[in-house]
Amino acid sequence: MQAAGTRRRGRSHAGDSTGDVSPAEAIASEVERRLAQSRQAYLDALPIAAAIVSIAGSETLVECANEHFRFIAEWDERIGDRRASHVPILRSGPIGARLADFIESDDPAYQFETADGRSIAGRHFTVRFSRLKHAKGQPRRLLVSLIDRTAQVETEKSLRSEMLRDSLTGLPNRFAFNERVDAVLADPSFSEGSFAVLAIDMTRFSRVNECMGAMAGDELLITFARRLVSALRPTDMLARTSGDEFGVLMRLERGLSDALRAAERIKTVLTLPFRLSELEIRVDCAIGCAVLSPGVNSADEVLRNAQFALKRAKRLGTTQVYEPIQAAAVRRRFSIETELRCAIEADALTLAYQPLIDLDSGRVAGFEALARWSHDGDAIPPAEFIPVAEESGLIVPLGRWALNTAMRTLSEWDRAAGAVLPFNMSVNLSPIQISRDDIAATVVGALASAGISGDRLTLELTESAIIQDPDRVAKALNALKKSQVRIAMDDFGTGFTSLAMLQKLPIDLLKIDQTFVGGMMAADDSTAIVRAILSLARALGMATTAEGIDSEDLAEMLTELGCTYGQGYHFSAPLPPEEALVFGLSRNA
């Protein structure tokens, strides 16, 4: 009976649809089926293209994928071979190669940007490989996901194209130009002298804009750009780099002569007048050239070099080629500006005092205060840092410092001597300081702070300061005269001061420029000029000072001619304050 029952169970199993599968196997199969359904449901719920790939031995299979993935891959894992090597997007190209590398690695995840490689209607993706949790006895699995970034990339390309193009002329703009130049510099095959940049600036553009309006100015720019294109080779890149400035990047097949010939062609196409509305105007241009070299670090530096040459071309009227010394000089000026600002703030400058000698008596009548600056142990000459101070506006705090320091020094000399000394102090006044500062208030404050009377201060200004803005200068000088301050005109004879201006301004003293004084012993012309200046000063009731006296004979000649004061190395070089006081007291003893 028992055996029969057993046989019946065996027959029952034999007749069942599960065949000889054990209950455990049946359960495992059902679990796997449901897991596969869950994986598929998970993938179908994702808003991005995704597929689960399994690795069993040497086989890589696509277990399941969602419709997004099938559409992108143009392949369906539900029909045909599931091997990844049969899926085009996973078989070759950047995705296939990186998938193979990822499978061999131990990285938990890997993400990168790529495209499908099509030249037309190509798609762009963010691809991510992520390992799924590995169950014992199961193949290793990973999730492949693709985020379609095609619309975003195309929008970025469009925006970038707009960003790199000048909206008025349709030419590449400065950003595009710089990118191209940077690409040339970064090319491993780049060699010195194989490329050049031309900087082209249109003349008279601002006048057209002012007289005819912005519309006419735009029309002129467009026409000008077309003329430039017609003068260049197809391989040359033309860009609008600023308002009325254009840049050209060109390959030099025959050296620098290619660039110079291009400049000539550009000049030639501009000889015909431009027609704007009913008017015909002629427009020329200035051209500066810079040759690319390995020592140049960026496109900005190349264009800046070409612009250095362009500035010289504007001045000289011919095409100019950049010379490295120009950039070095400009960088030096910027360096001096930075260091000078720090020196003024740190009170790191000093004043030296050069004696002014009364030529009749030989006594010291006063001193001229001269700024001195030593940086890192090197003396920087005033001829180098004063122009930088004027250009940058630092001349205002520098001038105030010099005035206050000079007045304080004069006050200290009085205290050291125990009496008011018969010394006058001369301080130079910059035209920039006159135009930007309240000179009268500054001077009054410096005199009051030091306790010095105004009649002991002489302010020296150049003819150029007067020529720039005579009305403002006259107003400032008249205000100064209320404080009894004396006014000296420095470097007289080198400018264009008229007699009427001398009569109009409250000038007390004329300083004869040393170029005339130094030439008196060798040239009759210089002597005649000095004689004429001295006669003019006497007629106007002004005192005179001769600068640059370097010999006893010269001092005697100027004394005989009636010059009031003398200054120069024959008497003394500029001295520190302590030595200047000793010199003055000993000479006047």
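Read-outs: derived from the displayed coordinates by stated rules, not from any lab. Just so it is clear, the structure is predicted and the values come from calculations on it, not from any experiment. Reconstructed Cβ throughout: ideal geometry from the backbone, glycine too, with neighbour counts over all protein chains shown.
Details
- Estimated translational diffusion coefficient (Stokes-Einstein, Kirkwood radius over Cα pairs, 25 °C, 0.890 mPa s) of the stretch 457-589: 155 µm² per second.
- Projected onto their three principal axes, the Cα atoms of the stretch 164-322 cover extents of 52, 31, 26 Å, largest first.
- The distance from the alpha carbon centre of the stretch 378-403 to that of the stretch 188-247 is 38 Å, rounded to a whole number.
- Of 75, 401, the sequence from fewest to most neighbouring Cβ atoms within 10 angstrom is 401, 75.
- Legend: Rg and Dmax of the stretch 24-152, from Cα coordinates, 15.0, 54 Å.
- A viscosity of 1.567 mPa s and a temperature of 4 °C, combined with the Kirkwood radius over C-alpha pairs in the Stokes-Einstein formula, give the chain a diffusion coefficient of 39 µm²/s.
- Rounded to the nearest 10 degrees, the inclination of helix 93-104 to the longest alpha-carbon principal axis of the chain is 70 degrees.
- Prolate/oblate/rounded call for the stretch 370-445, Cα gyration tensor, a/c under 1.5 rounded: oblate
- Residue 127 sits among other residues whose Cβ lies under 13 Å from its own Cβ, and their net charge, with Lys and Arg +1 and Asp and Glu -1, is 0.
- The ranking of 250, 521 by Cβ neighbour count inside 10 Å, starting from the fewest, reads 521, 250.
- Table column - 3J(HN,Hα) (Hz), the stretch 563-573, Karplus curve with 6.51, -1.76, 1.60, x for Gly and Pro: 6, 6, 10, x, 8, x, 5, 4, 8, 5, 7
- Binning all Cα-Cα separations of the stretch 305-449 at 5 Å, short to long from zero, yields these whole-percent fractions: 2, 8, 14, 16, 15, 13, 11, 8, 5, 4, 2, 1, 0, 0.
- Here the scattering of the stretch 309-382 is modelled by Debye summation over its C-alpha atoms, one equal scatterer each and no solvent; at q = 0.13, 0.19, 0.24 Å⁻¹ the log10 of I(q)/I(0) is -0.66, -0.85, -1.05.
- Relative contact order, percent, the stretch 384-437 [alpha-carbon distance under 8 Å, six or more residues apart]: 47 percent
- Listing 289, 342 from fewest to most neighbouring C-beta atoms within 10 Å gives 342, 289.
- Total lysine pairs whose alpha carbons fall under 30 Å of each other in the chain (8 or more apart, or interchain): 8
- Neighbours of residue 452 by Cβ distance under 15 Å: Lys/Arg scored +1, Asp/Glu scored -1, total +1.
- Loop sites by DSSP among the GluC sites (Glu not before Pro) of the chain, restricted to those with at most 16 other Cβ atoms within 10 angstrom, leave 279-589 as the longest stretch without any of them.
- In order along the stretch 237-244, the Karplus-derived 3J(HN,Hα) couplings, from 6.51 cos²θ - 1.76 cosθ + 1.60 at θ = phi - 60°, round to 9, 10, 9, 8, 8, 6, x, 10 Hz, and Gly and Pro are given as x.
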